[in-house]
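**Student:** One structure is given below, represented as C-alpha cells, and several questions about it will come after.
The values are calculated or read from the model by the stated rules, or taken from the named source; none is laboratory data. Just so you know, these numbers come straight off a predicted model, no measurement behind them. Neighbour counts run over all protein chains shown; Cβ positions are idealised from the backbone, glycine included. Remember, those area values only see protein heavy atoms, side chains included, never the ligands or the DNA or RNA. Shrake-Rupley method; radii C 1.70, N 1.55, O 1.52, S 1.80 Å.
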Amino acid sequence: MKELAAQLLCALGMSKLGGRQRRGRLAILMFHGVEPKPLSPPCWHVLDAATLRRQLEYVRRTFSVLPLEDGLERMQRGTLPDNAAVITFDDGTQNLLTQAAPILRDLGLPAAVFLATGPMGSSEALWPDRLWLAFARTGRAEADLTSLGLGRRPLGDDAQRGAAYAAAVHRHQELPDGQRADRLAALLEALAADLADPGPFRLLSWDEAHRLTRDADVTLYPHTATHPILSRCPDEKVE
C-alpha cells in the first residue's frame, strides 16, 4: 500500500494539490529494503534501486524533506514548511548500505533508519522476510493457508507465489502475537524451504549500521528487537 500510494502520486503529478493539502502537516514516507532489481516473486515492501531513485527525485522536487527529529520538533512548534516530509526505512537490511545510501547521498536527502536490533549481524531474517523466502524457495505446488482462513493457494509461478505471500503475511499481522508465532512456525514447516541464507533480507551488522550514518545523512532509531506487531502483543511483552 505504501509503495502503491507513492507510485500513484508520481504518476498523477500531485505536487500543487499536495502543497495545498499539506500546509502545516508532516508526511512520513516509509520504505523498507532496496535491491538492484525487483524481487521475484514480487515482495510488496522491497523496491528496486531505479524505482527508489525515481520516487525520491519526485519527493525532492515536491516536498521539503527534513530529518525526523527536526520535523517532529517543528511540527510541535507549528513552524513546519509547506509540504514537509520525512523519509524513513524500516528493519535495517544490509541493502540500505549498498543500494539506498548512494541514492540518498546523490540527492542530498536525510533519512531515518529503524533497526530491528535482535538479529543484527547474523544470518537470521525477520519473520515476514522468512515467510517470503519460504514462498520463494519452496518446492510445493500449493500452500495450505486454511488455518489462516485463506484456503489453498497455488504456487505455480512467481505471480501466484507473490500473491500468496502477501495474503499470508498480512493475515499473520492481524493475529495475537503468540498465535502468529505458532501459525508461522507451522506454515514454514509445511513449505519446507531452505531458509539458511537470508538473501535480500540480511540485516546490517552494528559496524555496517554506523557506516551507513557516515555514507549518507542517516540517523538510526529502534524498531523493536524481534519485529512483533506491538498492537497484537500483551503489555508485558511490549515492556
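**Student:** Using a Gaussian network model of the chain whose springs link C-alpha atoms within less than 10 Å, name the residue from R53, R77, R130 with the highest mean-square fluctuation.
**Tutor:** In this elastic network of the chain, the residue with the biggest mean-square fluctuation among R53, R77, R130 is R77.
**Student:** What does the charge add up to near T98, with Lys and Arg as +1, Asp and Glu as -1, over the other residues with Cβ less than 10 Å from its Cβ?
**Tutor:** -3
**Student:** Carbon and sulfur atoms: what percent of the 1.4 Å accessible area of the chain do they account for?
**Tutor:** 51
**Student:** Pull out a ≥ b ≥ c, the square roots of the eigenvalues of the alpha-carbon gyration tensor of the range 128-239, then state rounded if a/c is under 1.5, prolate if not and a/b is larger than b/c, and oblate in the remaining case.
**Tutor:** Oblate is the answer for the range 128-239, as a/c is 1.5 or above yet b/c matches or exceeds a/b.
**Student:** Here's a follow-up. So how far apart, in nm, are the two label points at R25 and D48 if each is 7 Å from Cα heading toward Cβ?
**Tutor:** With each label placed 7 Å out from Cα toward Cβ, I get 3.2 nm.
**Student:** Using the Cα centre as the reference, give the magnitude of the dipole from point charges on the C-beta atoms of the chain (Lys, Arg: +1; Asp, Glu: -1; all else neutral), rounded to the nearest 20 debye.
**Tutor:** 1020
**Student:** Over all distinct alpha-carbon pairs, what is the Kirkwood Rh of the range 75-186 in angstrom? Mind dumping the intermediate values first?
**Tutor:** On the way: mean 1/r = 0.0587 Å⁻¹.
One decimal place: 17.0 Å for the Kirkwood radius.
**Student:** Taking Cα atoms, how many degrees apart are the long axis of helix 206-215 and the longest axis of the chain, rounded to 10 and kept between 0 and 90?
**Tutor:** Roughly 30 degrees between the two axes.
**Student:** On full extension of the chain, what length is gained from L175 through E236, given 0.36 nm per residue of separation minus the C-alpha to C-alpha distance? Before the final figure, lay out the partial values.
**Tutor:** Working: separation 61, 0.36 × 61 = 21.96 nm, distance 1.72 nm.
Contour length minus the Cα-Cα distance gives 20.2 nm.
**Student:** Could you work out the mean projected area of the convex hull around the alpha carbons of the chain, in square nanometres to one decimal?
**Tutor:** Mean orientational projected area (the chain, Cα hull): 13.8 nm².
**Student:** Taking a ≥ b ≥ c as the square roots of the eigenvalues of the Cα gyration tensor of the range 142-186, is the shape rounded (a/c under 1.5), prolate (a/b larger than b/c) or oblate?
**Tutor:** Prolate is the answer for the range 142-186, as a/c is 1.5 or above and a/b outweighs b/c.
**Student:** While we're on this one: With every protein chain present, what is the per residue accessible area of the range 63-134 (1.4 Å probe, Å²)?
**Tutor:** For the range 63-134, the per-residue accessible area is 34 Å².
**Student:** Give me the dipole magnitude in Debye, nearest 20, for the range 31-86 about the Cα centre, with unit charges on the beta carbon: positive for Lys and Arg, negative for Asp and Glu.
**Tutor:** Dipole about the Cα centre, nearest 20: 180 debye.
**Student:** I'd like the orientation of helix 177-191 relative to the chain: the angle between its Cα long axis and the longest Cα principal axis, in ° from 0 to 90, rounded to 10.
**Tutor:** 60
**Student:** Taking Cα centroids, how far is the range 142-186 from the range 223-239 in Å?
**Tutor:** 21
**Student:** Which FRET efficiency value, to the nearest 0.05, is calculated for R60 and S205 with the Förster distance at 41 angstrom and r the Cβ-Cβ distance? Can you show the working numbers first?
**Tutor:** Values: r = 30 Å, r/R0 = 0.72.
Efficiency for this residue pair is about 0.85.
**Student:** Have a look at L26, G178, A134 and report the one farthest towards the positive end of the charge dipole of the chain, computed about the Cα centre with Cβ charges (Lys/Arg +1, Asp/Glu -1).
**Tutor:** Checked the options; the winner is L26.
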